[in-house]
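Some notes on the structure that comes next.
The values are calculated or read from the model by the stated rules, or taken from the named source; none is laboratory data. The structure presented is a predicted model; accordingly, all values stated were derived computationally and were not measured. Cβ placement follows ideal geometry from the backbone for every residue including glycine, while neighbour counts extend to all protein chains displayed. Ligands, DNA and RNA are excluded from the accessible area calculation, which covers all protein heavy atoms including side chains. Shrake-Rupley method; radii C 1.70, N 1.55, O 1.52, S 1.80 Å.
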Amino acid sequence: STKLVGSLREDGKMPTSFVADTTTANAQVRSLSETVRLDSRTKLLNPKWYEGMIASGYEGVREVSKRLRNTMGWSATSGAVDNWVYEDANTTFMADDELREKLLNTNPNSFRSMVTTLLEANGRGYWETSEENIDRLRQLYQEVEDRIEGVE
């Protein structure tokens with residue numbers, strides 16, 4: 001983890017991290033921050049990707065949730081995630097009524113995980129957002145919890 005190494009260095013500087021992208025014939029080396037931004041744009045926040053995942057059903061919603069959780073992992077270990085990634089994820093998956101209901105109805109447990117991931121990202125200081133967004137997430141958490149527990 002780059003944060004750990006930074007905490008051990010006398011000057012406190014975090015090392016630069018690079019990722020070799022070998023997914024195409026033209027392998028490229030990018031900074032970790034660049035890689036996280038690219039991954040966010042091509043997967044997590046790309047309508048073609050997430051709509052395809054959600055349309056595939058229960059496991060697809062789990063995959064979207066897992067990708068959001070992994071994004072927070074990059075924040076925790078490297079600080080390499082820009083605020084806009086969380087803001088856009090919130091706007092895409094929580095603020096859009098139709099998509100939110102589709103996620104909730106298809107896989108309530110994974111939807112709950114997405115809500116808790118966003119709340120945790122904010123609580124840990126990885127995501128700065130409005131109090132209105134946090135209040136909505138807390139309300140959504142209670143709603144999904146009630147649905148999972150069978151409370152009317």
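Can you tell which of Leu68, Leu103, Leu32 shows the greatest fluctuation in a Gaussian network model of the chain with Cα springs below 10 Å? Ranking Leu68, Leu103, Leu32 by mean-square fluctuation puts Leu32 first.
Normalised per residue, the accessible area of the chain is 57 Å², obtained with a 1.4 Å probe and no contribution from ligands, DNA or RNA. Ile148 exposes around 60 Å² of accessible area when a 1.4 Å probe is run over every protein chain in place.
Using a 1.4 Å probe on the protein heavy atoms, what percent of the accessible area of the chain belongs to carbon and sulfur? Could the numbers behind the result be given before it?
Working: 4140 of 8650 Å².
Exposed carbon and sulfur together represent 48 percent of the surface.
With N counted as the residues of the range 44-114, its alpha-carbon radius of gyration over 2.2 N^0.38 Å works out to 1.05. Site pair Leu99 and Ala55 shows an inter-label distance of 1.5 nm when each label is modelled 7 Å from Cα along Cα→Cβ.
Calculated on the Cα set of the chain, radius of gyration then Dmax: 16.9, 56 Å.
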